[in-house]
1. With the convex hull built on the Cα atoms of the range 268-333, state its orientation-averaged projected area in nm².
2. Considering only C-alpha atoms, what is the centroid distance from the range 294-309 to the range 236-280, in Å?
3. Counting DSSP beta bridges with both partners in the chain, what percentage is antiparallel, nearest 5?
4. Give the average over all directions of the projected area of the C-alpha convex hull of the range 1-98, one decimal, in nm².
5. With bins 5 Å wide starting at 0, give me the P(r) of the range 16-69 over every alpha carbon pair, in whole percents.
6. If I stretch the segment between ASN259 and THR332 completely, what's the gain in nm (0.36 nm per residue apart, minus their alpha carbon distance), one decimal?
7. Considering only ALA159, ALA337, ALA256, give the residue with the highest GNM mean-square fluctuation for the chain, with springs between Cα atoms whenever their separation is below 10 Å.
8. Could you compute how much accessible surface SER323 exposes when probed at 1.4 Å, giving the result in Å² to the nearest 10?
Amino acid sequence: MNTHAALDTAHVIIDATEYAAIRAVLDTRDLSGTASVIADYETALADWFGTNHAVACSSGTAALHLALLAVNVTSGDEVIVAATAPVMTAMPILAVGATPVFADTATPTSFALDLDDIAAKVTERTRAVIAVPMWGYPADGPDLADACHTWGIPLIEDAAQAHGTIVSGRYAGTRATIGTFSTHNRKLICTGEGGFCLTTNPAIARRLSEMRNIGKRPGESFGATFGLNLKLNAIAAALGLTQLSRLATRLEHRRATLNAVTEHLAGVRGLRPFPIRADGEPNGYAAVFTTPGQAEPVALRLAAAGITSDPMRYGYRPLYHTSALARHAPPTPCRNAEQLAATLLTVPCHEGVDPPDLETFWGQGGRRPVAAR
């Protein structure tokens, strides 16, 4: 591994299969979001994840926007969302005119939502709950889906970073009413920009398909119902097919890297491996650690060595601390989420990471932390 350059958190794998797939689409001269390769991609996604329907769209944010529209969230409604989610999760709530209601996590070392906190925040205006397995770590199990079913509230799981993450024998995003995914440059399925929704409900799948295509129903014209132009283009879908074909291999490699990174850094003072649910398996999107105190000093040492932690890169904090969402801050802060965000850092686990070199990489220039071994 190059110890003189920054270790990026993105690692795009492109080989001859991608070039061939793009050429094949170019040869058809149909590059639109209604090309036949879109349906091929959606079928492959549904098969891989073991669900009934997949609907491809232009981004992970678009997938969330469509999901909210599909379950009839509109102006004046409320959507309960994890306070530990990224900004991209909350923006579609604002886009449909609804109000985000921030829920705490179950503990300071879990991305799973606190069911008691959700129950206390459910009102007659609540129209959806959004859960997020951050950095591909298994979070909410069947209990959240069961609770939402009892309350009669749709569950949306924003699995943008969780391709292949397993919780209680199911892939993340497949237990919810709608699972949403991103295929951005940093994701395990990479199309540059893009996303998709998964659902077992055929009526919801139809709504998602119509709304991403300007409200066009089969056999009818545009505008038969409300819709936006949120289609995925044909080249991106072709890339998605090739990327999906190597997802199982990438998951195997990344999980092995995650285990190795955790082993090599777990003994370094100031780093504690993030707990993993007994019934879950992360996908290796990144290795997550917590610190006994504030993570920033440790993250700065990582950054000085060229390893940028995602929380530092993106200014990670509870959503209601961002300017765009501050007016929706809860009366009482989400204590677990506050501690989690303040004590969290990540290390990449992609195919460009050589775990045994991480300690040396971190220690270059005399910045090595004191080992606790």
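1. Here the figure is 6.7 nm², rounded to one decimal.
2. 20 Å
3. On the way: 23 of 39 bridges.
Of the beta bridges lying entirely in the chain, close to 60 percent run antiparallel.
4. If I average the Cα hull's projected area over directions, I get 10.4 nm².
5. Calculated over all Cα pairs of the range 16-69, the distribution is 4, 17, 19, 24, 21, 11, 4, 1 percent.
6. Values: separation 73, 0.36 × 73 = 26.28 nm, distance 3.69 nm.
Difference between extended and current length: 22.6 nm.
7. Highest fluctuation of the listed residues: ALA256.
8. 120 Å²
The values are calculated or read from the model by the stated rules, or taken from the named source; none is laboratory data. In this text, all values refer to a predicted model and were calculated from it rather than measured experimentally. Quick reminder, even Gly has a Cβ in these numbers, built from the backbone with ideal geometry, and neighbours come from all protein chains shown. In case anyone asks, the SASA skips ligands and DNA or RNA and just uses the protein heavy atoms, side chains included. Shrake-Rupley method; radii C 1.70, N 1.55, O 1.52, S 1.80 Å.
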